[in-house]
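Read the structure below first, then the notes.
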Amino acid sequence: MLLNSRVLGHGHFLPAKVLENNDFVNFIDTSDEWIYSRTGIKQRHIALENELTSDLAVKASQKALDSANLKSDDIDCIILATTTPDETFPSTATKVQTQLKMRNIPSFDVQAVCSGFIYSLQIADSLIKCQKAKNILVIGAETLSKIVDWKDRRTCVLFGDGAGAIILGKSKGFCGIMSTKLYSDGSWHDSLFSDGGPSINQKVGKIRMNGKDIFKQAVNKLTEATNEALSECNLDVKDINWFIPHQANQRIISSTAKKIGLGEDKTISTVRYHANTSAASIPLALSSSIENGKIKSNDILALCAIGGGLTWGSCILKL
Ligand code: ACO
């Protein structure tokens, strides 16, 4: 019997503390005008010192469970995409599993930076299709503020914290996830990386980035990946109800949408309010846009993301 997977529920959570562009002028040489005109960002949410990635993930996941009308016992796998785990090990997913009092199910983190949620969707969809799981909790959660160099004005203004989660469940007729495409090219390492790690220097490291390199790669690779995912499921750009690209920068979002042939009216953009939340950006944008009534059941969505590695990917799904 051929099984498909579909989204059964969604949830998101943002830390209460908000940092506006104007707040940066107190500690770096920048302005609201510079940040907003180049990125479309106005504000970002910032986790408190004792507010961990797992805390944000648990809150988003509880909402996803409620929205799917499921209990902790109904979940048989957790996949958590993050670049900012609570600890080097164990995985943050295992902390979520314990805090949500779930059974002894498999739980693991996926590290693909900003593409982590798309990577996790493909893994979850495959596990459901090969009947290894029925209901999978798929989370993107980040506290990027903890690995940002707050003295580097080229990067610190770009990032924020948050979490989004969905429950992907098995479906006999309805095909939710229609196609996924994943890629990586490690030769771009030096354009976006953290200058630390357990093996290199036993530190966490801070984000380092060549913004111009990333900008060019992002527009081209996101466009190609979205077109490839569309053709894999024999759909045309006209079939897309909503385009949800990784929320890194409004100029990347707009240029990519234009190159694919989509207008602003079909493009979800939350970067103004959330900034770049890496693996959390797509589930946050998805969940908040379902909640505010923009995205509806049966809409066809095109998701795509690119991040450090480089890694990138896309997913076409019917809600
Ligand atoms: N405030 C004021 N001035 C700044 C700031 C700031 N926050 N940051 C940089 N500048 C200055 C630079 O120092 C430079 O000054 P100089 O000419 O005197 O040296 C000048 O502004 C121009 O700097 P550039 O880096 O050339 O600025 P650019 O126009 O390329 O914009 C930006 C930078 C916004 C990062 C852009 O390259 C970009 O959007 N890149 C995409 C990268 C991205 O979004 N990455 C997110 C992580 S990756 C991902 O999620 C896919």
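Couple of notes before you dig in:
- Dipole magnitude of segment 3-172 about its Cα centre (Cβ charges: Lys, Arg +1; Asp, Glu -1), debye to nearest 20: 820
- 3J(HN,Hα) from dihedral phi, segment 24-31, Karplus parametrisation 6.51/-1.76/1.60, rounded to Hz, x for glycine, proline: 5, 5, 6, 9, 9, 7, 8, 8
- With the alpha-carbon atoms of segment 115-206 aligned to their principal axes, the span from lowest to highest coordinate is 52, 28, 23 Å, starting with the largest.
- Overall form of segment 255-306 per C-alpha gyration tensor (a/c, 1.5; a/b vs b/c): oblate
- Given Lys181/Lys266; Lys42/Lys258; Lys206/Lys296; Lys59/Lys132; Lys42/Lys296, the pairs whose alpha carbons are separated by over 29 Å: Lys206/Lys296
- Among Gly308, Gly196, Gly176, residue whose mean-square fluctuation peaks in a GNM of the chain (springs only between Cα atoms under 10 Å): Gly196
- Coupling constants for segment 99-110 follow from the phi torsions by the Karplus curve (6.51 cos²θ - 1.76 cosθ + 1.60, θ = phi - 60°), and in residue order they are 5, 8, 6, 8, 5, 7, 8, x, 9, 7, 8, 10 Hz; glycine and proline get x.
- Top of Ser254, Ser199, Ser31 by mean-square fluctuation, Gaussian network on the chain, Cα under 10 Å: Ser199
- Convex hull projection area averaged over all views, segment 183-319, Cα basis, nm²: 8.7
- If you run the Gaussian network model on the chain, springs between alpha carbon atoms under 10 Å, then out of Ile28, Ile75, Ile214 the most flexible one is Ile28.
- In summary, the convex hull built on the alpha carbon positions of segment 1-78 has an orientation-averaged projected area of 8.5 nm².
- Hydrodynamic estimate: the Kirkwood radius of segment 63-138 over Cα pairs, inserted into Stokes-Einstein at 10 °C and 1.306 mPa s, corresponds to D of 125 µm²/s.
- Dividing the Cα radius of gyration of segment 3-172 by 2.2 N^0.38 Å, with N the residue count, gives 1.12.
- The length gained by stretching the chain between Lys17 and Asn292 to full extension, at 0.36 nm per residue less their Cα-Cα distance, is 96.9 nm.
- Each of Ala285, Ala124, Gly164 was placed along the dipole of the chain (beta-carbon charges, centred on the mean Cα), and the one lying farthest toward the positive end is Ala124.
- Trypsin sites (Lys or Arg not before Pro) lying in DSSP loop within segment 140-236, provided at most 14 other Cβ fall within 10 Å: Lys151, Lys172, Lys203
- Taking the alpha carbon gyration tensor of the chain, multiplying each eigenvalue by 5 and rooting it gives semi-axes of 28, 23, 18 Å, largest first.
- Calculated from backbone phi, Karplus (6.51, -1.76, 1.60) coupling profile of segment 258-265 in Hz, x at Gly/Pro: 4, 5, 6, x, 10, x, 4, 5
Any read-out appearing in this document is the output of simple, stated calculations on the displayed coordinates, not a laboratory observation. For clarity, every value in this text was computed on a predicted model and none was experimentally measured. As a convention, Cβ positions derive from the backbone with ideal geometry for all residues, glycine included, and neighbour counts pool all protein chains shown.
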